[in-house]
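Structure first, commentary second.
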Amino acid sequence: MRTLNELIDVDGPAWPELSAELGATALPTVVLPVDPALARASLLQLQVTARSYLGAVTLHCGGLLLDDGWLRVLGSPAAEGSRGLPGLARANGFPSTFDSGWCPDAGLVVAYDVLGGVFALNGARPADDGRPGGPGEIVYFAPDALRWEELGAGYAGWLSWLVSGSLDQFYADLRWTGWREEIAELQGDRGLTLYPPLWSAEGRHDLAATSRRAVPMAELLGFGRESARQFDGVDPGFMGAL
């Protein structure tokens, strides 16, 4: 186990590079204020250094709201200014005090989107947990397909890809005219449920014609997990403790 000083006091910390990427992106981006105590405790529990993008976000950032809050990257949010977004510690059920024997069972949940999609960082044995991709790879639970999909990148590559302006292409089939105005006032712990649902033929046929309402993210994730169990017979497993 590395000490907190060993995790923070490193050569080539990633935050200046990442901060420059965030400052240069054309994607509407909000960097939420950080809670320093929570950030340090979370970094210690994760045992990643500030040289990594994951360590940089955990230590320096309360979270990221990308594309007017369509996608929410988890960090270490201050109580004031969090806009309702949970932190990495809460979403992943970190122990209240450092526990050297604890680790996320199936991997680390690192982001959500407004439709109930989940981004997670694979653990050491993703196949044992029914997830695609390799160890340390980002996977995505697609609410329209009700399954995990590999993205072919680790955390740093994935985050750089997000802020490069790739979200329009990634979500091309899941957006409707006026979506930006519709989600603008949503808190970070709420998303949109659609009826007919995204995974149905009726829902995919015309997203603009679906009925949409704001619900707690926990409800949205629970609906996605239960739908996967019911229709595919596969439990996608842990998607966050909200």
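The values are calculated or read from the model by the stated rules, or taken from the named source; none is laboratory data. Keep in mind it's a predicted model, so treat the numbers as computed, not measured. With ideal geometry, Cβ positions are generated from the backbone for all residues, glycine too; neighbour counts draw on all protein chains shown. For the accessible areas, the whole protein counts, side chains as well, though only heavy atoms, and no ligand, DNA or RNA atoms are used. Shrake-Rupley method; radii C 1.70, N 1.55, O 1.52, S 1.80 Å.
The value for segment 35-149 of Rg(Cα) / (2.2 N^0.38 Å) is 1.04. Each principal axis of the Cα atoms in segment 156-242 has its own extent, and those three values, largest first, are 36, 35, 24 angstrom.
Normalised per residue, the accessible area of segment 198-242 is 56 Å², obtained with a 1.4 Å probe and no contribution from ligands, DNA or RNA. When the Cα positions of PHE141, PRO236, LEU85 are compared along the charge dipole of segment 85-242, LEU85 comes out farthest toward the positive end, with charges on each C-beta of Lys, Arg, Asp and Glu. Computed over neighbours whose Cβ is under 13 Å from that of ALA91, the net charge equals +1, Lys and Arg +1, Asp and Glu -1.
If only the Cβ of Lys and Arg carry +1 and only the Cβ of Asp and Glu carry -1, the dipole of the chain around its Cα centre is close to 260 debye. Size estimate for the chain follows the Kirkwood approach: the inverse of mean 1/r over distinct Cα pairs works out to 18.2 Å.
Identify the chymotrypsin sites (Phe, Trp or Tyr not before Pro) of segment 48-112 meeting these criteria: DSSP loop state and at most 15 other C-beta atoms within 10 Å of the C-beta.
Sparse-neighbourhood loop chymotrypsin sites (Phe, Trp or Tyr not before Pro): PHE98, TRP102.
Scalar couplings 3J(HN,Hα) for segment 98-109, obtained by applying the Karplus form with A = 6.51, B = -1.76, C = 1.60 to θ = phi - 60°, are 3, 10, 5, x, 8, 8, x, 4, 9, x, 9, 6 Hz; x denotes Gly and Pro.
Think of a 1.4 Å ball rolled over the protein heavy atoms: segment 122-171 then has 44 Å² of accessible area per residue. Placing +1 on the Cβ of every Lys and Arg and -1 on the Cβ of every Asp and Glu, with nothing else charged, gives segment 20-91 a dipole about its Cα centre of roughly 240 debye. Counting only DSSP H runs of at least 4 residues, each contributing -39500 (n - 2.57), and dividing by the residue count of the chain, the helix-based mean residue ellipticity at 222 nm comes to -8500 deg cm²/dmol. A cut-off of 5 Å between modelled amide H atoms, ignoring neighbours fewer than 5 places along the same chain, links GLY240 with no other residue. Taking the average, over residues, of other Cβ atoms within 10 Å as the packing measure, peptides 71-82, 117-128, 146-157 rank 71-82, 117-128, 146-157 from highest down.
Accessible surface of the chain, 1.4 Å probe: 51 percent of it comes from carbon and sulfur atoms.
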